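The values are calculated or read from the model by the stated rules, or taken from the named source; none is laboratory data. Everything numeric in this text was worked out from a predicted model, so none of it was measured. Cβ placement follows ideal geometry from the backbone for every residue including glycine, while neighbour counts extend to all protein chains displayed. Just the protein is used for accessible areas: all its heavy atoms, side chains included, with ligands, DNA and RNA removed. Shrake-Rupley method; radii C 1.70, N 1.55, O 1.52, S 1.80 Å.
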Amino acid sequence: MRIDILTLFPEMFESPFGSSIIKRAQEKKLVKINLVNLRDFALDRHRQADDYPYGGGAGMVLKADIVIRAIQALRSPECKVVYLTPQGKVLNQALVKKMAAWAHLILLCGHYEGIDERCQTVIDEEISIGDYVLTGGEIPAMVVTDAVVRLVPGVLGSDEAHTEESFGSGLLEYPQYTRPRVVSGLEVPPVLVSGDHQAVRRWRKKMSLKRTLLKRPDLLLQREFDPEERELLEEILFSREGQDEG
Ligand code: 4HQ
């Protein structure tokens, strides 16, 4: 997969993409992340990529001729151009999955007040990372890239990918514990040290369902349940004792 990021601030991306899983994905050539400075497509002496808005007002606007020239230079037959904006469709895991199937993604980051409206002629989709106002589209582009790259085949280790398959399906994560077994008198749930793998799997699924029900009931309404999940939900809702122990 290739991801081109068009921005006036390519240096903002160096640290987040230079560590951990995203770094490893690039080293393994599973993804090519291409940081492109929009200024490189300015033709004037001062390489000016943004300008004052017609009609007056605060802030600067990305110039349409520069954005359009940059996108024409980077285009491929299979590419999708995405502009990060609060006006876009709000990002969720279903949208991330759709994007992970694209071979070539071009992310356009606006800064200050945004982009000249005529850039819309080269934009395929608008995406928002949530209903709040940021200073630019760079952090949203990092969020989209991180979420998409981890779904590219081979990026996650087989253990991580397996967890994704069993629980990346619209539930919150189950509680985790590590050594020592007792902290300030608080013990690890006995099932996790029982050695009964089937019991551990069932307990984790139950805790995922319970957590989702308590913290994000909206997520459960968007989802269907298999017979085991129905049984576990019934236990959560109607059994009196020992719910935290499963
Ligand atoms: N901005 N989700 C303003 C965002 C944003 C968001 C990006 C700020 C675009 C011009 N983008 N610029 N929230 O707040 O995507």
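Would you mind estimating how fast the stretch 1-119 diffuses translationally, via Stokes-Einstein at 37 °C and 0.692 mPa s with the Kirkwood radius over Cα pairs, in µm²/s? Before the final figure, lay out each step's value.
Details: Rh = 15.6 Å.
Diffusion coefficient, whole number: 210 µm²/s.
Could you calculate the FRET efficiency of Gln26 with Asn92 from 1/(1 + (r/R0)^6), where r is the beta carbon distance between them and R0 is 22 Å, rounded to 0.05?
Efficiency for this residue pair is about 0.30.
Calculated from the alpha-carbon coordinates, the chain shows an Rg and a Dmax of 23.0, 75 Å respectively. Computed about the Cα centre, the dipole magnitude for the chain is approximately 500 debye when only Lys and Arg (+1) and Asp and Glu (-1) carry charge, each at its Cβ. Taking Cα atoms only, the orientation of helix 158-167 departs from the longest principal axis of the chain by about 80 degrees. To the nearest 10, the accessible area of Ser76 is 30 Å² with a 1.4 Å probe. Computed with every protein chain present, the accessible area of Glu160 is close to 80 Å² [probe 1.4 Å].
Of the trypsin sites (Lys or Arg not before Pro) in the stretch 1-52, the ones in a loop by DSSP (not H, G, I, E or B) with at most 10 other beta carbons within 10 Å are Lys29, Arg45. The angle separating the long axis of helix 227-238 from the principal Cα axis of greatest extent in the chain is about 70 degrees.
Could you tell me the convex hull volume per residue, in Å³, taken over the Cα atoms of the stretch 172-228?
On the way: hull volume 4.9 nm³, N = 57.
Given the Cα convex hull of the stretch 172-228, per-residue volume reads 87 Å³.
Site pair Leu186 and Arg75 shows an inter-label distance of 5.6 nm when each label is modelled 7 Å from Cα along Cα→Cβ. What shape does the stretch 1-47 take by its C-alpha gyration tensor, where a ≥ b ≥ c are the square roots of the eigenvalues and a/c under 1.5 counts as rounded, a/b above b/c as prolate, and the rest as oblate? Prolate, since a/c reaches 1.5 and a/b exceeds b/c.
Order Asp40, Asp131, Asp4, most accessible first, counting only protein heavy atoms with a 1.4 angstrom probe.
Numbers: Asp40 95, Asp131 140, Asp4 0 Å².
Per-residue accessible area, sorted high to low, gives Asp131, Asp40, Asp4.
Two decimals is fine: what's Rg over Rh for the stretch 57-154, C-alpha atoms, Kirkwood radius as Rh?
That ratio is 0.96, to two decimals.
Estimated at the nearest 10 Å², the accessible area of His197 is 150 Å² with a 1.4 Å probe. Looking at the stretch 61-170, the trypsin sites (Lys or Arg not before Pro) that sit in a DSSP loop and have at most 15 other Cβ atoms within 10 Å of their own Cβ are Arg75. Any idea how far the Cα center of the stretch 120-164 sits from the one of the stretch 32-104, in Å? Comparing the Cα centres of the stretch 120-164 and the stretch 32-104, I get a distance of 15 Å.
Just to make sure I understand: if all protein chains stay in place, what is the order of Glu224, Glu235 by accessible area at 1.4 Å, largest first? If you can, show how the numbers build up before the last one.
Numbers: Glu224 160, Glu235 50 Å².
So the residues, ranked largest to smallest area, are Glu224, Glu235.
Within 10 Å of each candidate Cβ there may be at most 13 other Cβ atoms; applying that plus a DSSP loop requirement, which GluC sites (Glu not before Pro) in the stretch 1-105 survive? All intermediate terms of the calculation are to be shown ahead of the outcome.
Numbers: sites: Glu11, Glu14, Glu27, Glu78; in loops: Glu78.
Listed in order of number, the matching sites are Glu78.
Residues Arg216, Arg181, ordered by accessible area of protein heavy atoms at a 1.4 angstrom probe radius and largest first, appear as Arg181, Arg216. Pairs from the list Lys23/Lys215; Lys32/Lys97; Lys23/Lys80; Lys63/Lys98 with a Cα-Cα gap above 25 Å: Lys23/Lys215; Lys63/Lys98. Helix 197-215 axis versus longest C-alpha principal axis of the chain: approximately 60°, rounded to the nearest ten.
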